[in-house]
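The values are calculated or read from the model by the stated rules, or taken from the named source; none is laboratory data. All figures in this text were calculated on a predicted structure; none of them were measured in a lab. Here the Cβ is made from the backbone with ideal geometry for all residues, glycine too, and neighbour counts use every protein chain on show. What goes into the accessible areas is simple: the full protein's heavy atoms, side chains included, and nothing from ligands, DNA or RNA. Shrake-Rupley method; radii C 1.70, N 1.55, O 1.52, S 1.80 Å.
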Amino acid sequence: MKKGLFASVLSVVALSFGVQPSQASTGTDHGFWWQLYFTGGSASISFPQAGTYPGNYQVTWSGVNDVVAGKGWNPGSARVVNYNCGELNGGFNNFSVYGWTTSPLIEYYICEMGSVASGSQIGSLSSDGRNYTVYKHQQVNQPSIQGTATFWQYLSQGGGASVGKSYSVTTANHFNYWNQHIGKMGAFNLQIVAVEAYGGKSGTCNATAW
């Protein structure tokens, strides 16, 4: 899996047109924090229904090496994350609650659609009426929120979610399991409901977090 967030921040206007590759941008909209990161190809993020649903966003990508984009909070917390993915078309790899901690540097995924399964299988847990298989995977000299680094990914591979329905993710259940069975997490950094696509895929996603 090719993942990570470059530390550099570019202008929102430039990214809305999906210009040069290897770009990252963040900002706030209607009280939510958002991220758009992509390498190769083109990608854009907009907020077409945020006037009615503040956590709404739409991402479009074409021929990307990797894109990770969505809306949520910074810093994150052990909150209940609610979401509705109203549209998910074309090629994608996962739709997840995605985030980072620092000290230690951890990248985490709670995957609701698609797959993040990679590395060593640790165990399983049940949360919010769904079953998840837990993995840990080490990223060596890969992009992160602190530049190129070696860090662990904590991964809960779920299933059963579908487009057009609302779901809740009790993140504390995953954090507690990871802390007990993988290793202690650090201080919360970004936390978003995100879509990720890599390997030259193209597609669109319209989703709302709250």
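So what does S126 come to for accessible area, using a 1.4 Å probe and Å² rounded to 10?
About 90 Å², rounded to the nearest 10.
Hey, what did segment 49-176 get for relative contact order, percent, Cα under 8 Å, at least 6 apart?
The value is 27 percent.
Between K184 and N131, how high is the FRET efficiency from 1/(1 + (r/R0)^6) when r is the Cβ-Cβ distance and R₀ = 22 Å? Nearest 0.05.
Working from the Cβ atoms, E equals 0.35.
What's the Cα-based Rg to Rh of the chain, Rh via Kirkwood?
Result: Rg/Rh = 0.93.
Treating only the Cβ of Lys, Arg, Asp and Glu as charged (+1, +1, -1, -1), what charge dipole size does segment 86-202 show about its Cα centre? Round to the nearest 20 debye.
Here the size comes out at about 140 debye.
Please report the accessible area of I122 (heavy atoms, 1.4 Å probe, ligands and nucleic acids excluded) in Å², nearest 10.
Rounded to the nearest 10, the figure is 60 Å².
How big is segment 119-210 by Rg and Dmax over its Cα atoms, in Å?
When restricted to Cα atoms, segment 119-210 yields Rg and Dmax of 14.8, 38 Å.
More than 22 Å apart: what percent of Cα pairs in segment 40-163 qualify?
Taking all Cα-Cα pairs of segment 40-163, the fraction more than 22 Å apart is 42 percent.
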